[in-house]
Amino acid sequence: MTLPGWTREPLVHFLIAGMLIYALFAWRGEEADPASRSITVEREQQAQLALVFERTMGRAPTDAELDAQIERFVREEVLYREALRLGLDREDAVVRRRMAQKMDMLAAARIEAATPDEPTLREWYNTHRERFASEAAYSFEQLWFDSEKSARTAQAKIAGGAGAEGLGQPISLPPSVKAMPNAEVRSRFGIQFMQELERLEAGQGWQGPIPSGLGWHLVRLELRDIGEAPPFEQVREAVESDWRMSTIAARKDAGYQVLRDAYSVKVER
């Protein structure tokens, strides 16, 4: 029997595991408390500690050294749980960002290791042929912001009918370009901006915000002048890389949307 594709998604495994853990605690009559004061260092965890030690020191730990690693693990676990109990994680931007990144990595894990077959890559190449055209050029306007929040605030103003003039923050990047070649866009705005720009539709007004290594941008793509793409065989490696990065980004967005739909969010003004 062939299982549906969604059953192989890491996020589905994550949610099922969560429900099983909750059901187990419910069956045992115990409260599902992530900050429990009961700590069990299982053999698998001990083996992991020994492996980390061996990778760091280049040899297996002695019994005394492994005991020390276990004691250190227990100390970290105790302090971590007490920090959670005090809610310290909720005020730490670094912790919040790191945990969010781990959720993104979870959503992307299967694609990072996947090897797409030839028909998949050829279909991707035919659908996104303009991305591999060496002479593709872009005409667009852009507004730069130092944070996604600022960019979204400006985007809301534009959607409400405000003009874009004066909304962007100052930066050395040009506010508009005409027929700038792909390579020059990549050089001046960065690879991440270029990849995001390629996903935009021309003539759709202000879009974004899209990230770059410099911050966040609202972009009005006026024209994508597509050059001649080389044969698939010459750019197969680039096609696979583009497929992988684009699919990972889509999986992250889809995974987030599944979780986001379960929340009711109220933003007080």
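Counting the residues of the stretch 169-199 that are open to solvent by less than 40 Å² (accessible area, probe 1.4 Å) and modelled with pLDDT of 90 or more gives 10. The requirement of being polar (S, T, N, Q) and at pLDDT 90 or above is fulfilled nowhere in the stretch 86-107; no residue meets it.
Is there any pair with a first residue in the stretch 151-164 that is without any contact (Cβ under 8 Å) to a residue 12 or more places away in the chain and a second that is surrounded by 10 or more Cβ atoms within 10 Å (Cβ to Cβ) whose Cβ atoms are under 7 Å apart and which are 6 or more apart or on different chains, and what are they? Partner pairs satisfying both residue conditions: Lys157/Leu167.
Consider the stretch 200-216 and keep the residues that are small (Gly, Ala, Ser) and within 25 Å of the chain's Cα centre (by Cα). The one that is modelled with the lowest pLDDT is Gly213. Reported count of residues in the stretch 126-168, each being among the hydroxyl-bearing types (Ser, Thr, Tyr), out of contact with any Lys or Arg (no Cβ under 8 Å at 6 or more places or on another chain) and either crowded, with 16+ Cβ neighbours inside 10 Å or part of a loop (DSSP other than H, G, I, E, B) (or both), is 3.
Condition first: open to solvent by 60 Å² or more (accessible area, probe 1.4 Å), of a type in the set (D, E, K, R) and in a loop (DSSP other than H, G, I, E, B). Can you find one or more residues in the stretch 39-55 that meet it? Yes, the stretch 39-55 has at least one match.
Residues that are in a helix (DSSP H, G or I) and either open to solvent by 70 Å² or more (accessible area, probe 1.4 Å) or touching a residue at least 12 places away in the same chain (Cβ under 8 Å) (or both) are absent from the stretch 203-216 altogether. Are any of the residues in the stretch 73-94 assigned to a helix (DSSP H, G or I), touching a residue at least 12 places away in the same chain (Cβ under 8 Å) and open to solvent by 80 Å² or more (accessible area, probe 1.4 Å)? Looking through the stretch 73-94, at least one residue is assigned to a helix (DSSP H, G or I), touching a residue at least 12 places away in the same chain (Cβ under 8 Å) and open to solvent by 80 Å² or more (accessible area, probe 1.4 Å).
Please work out which residue is surrounded by the fewest Cβ atoms within 10 Å (Cβ to Cβ), limiting yourself to the stretch 95-117 and to residues that are in contact (Cβ under 8 Å) with a residue 12 or more places away in the chain and within 9 Å of the chain's Cα centre (by Cα). Among those residues, the one meeting the criterion is Met103.
Determine if the stretch 217-233 includes at least one residue that is under 24 Å from Gln101 (Cβ atoms), open to solvent by 60 Å² or more (accessible area, probe 1.4 Å), at pLDDT 85 or above and assigned to a loop (DSSP other than H, G, I, E, B). Scanning the stretch 217-233 turns up no residue that is under 24 Å from Gln101 (Cβ atoms), open to solvent by 60 Å² or more (accessible area, probe 1.4 Å), at pLDDT 85 or above and assigned to a loop (DSSP other than H, G, I, E, B).
Among the residues of the stretch 127-137, at least one is among the hydrophobic types (A, V, I, L, M, F, W, C) and either touching a Leu at 6+ places or on another chain (Cβ under 8 Å) or more than 21 Å from Thr247 (Cα to Cα) (or both).
The values are calculated or read from the model by the stated rules, or taken from the named source; none is laboratory data. No experiment lies behind these values; they were computed from the predicted model shown. Glycine gets a Cβ as well: all are built from the backbone with ideal geometry, and neighbour counts include every protein chain shown. Remember, those area values only see protein heavy atoms, side chains included, never the ligands or the DNA or RNA. Shrake-Rupley method; radii C 1.70, N 1.55, O 1.52, S 1.80 Å.
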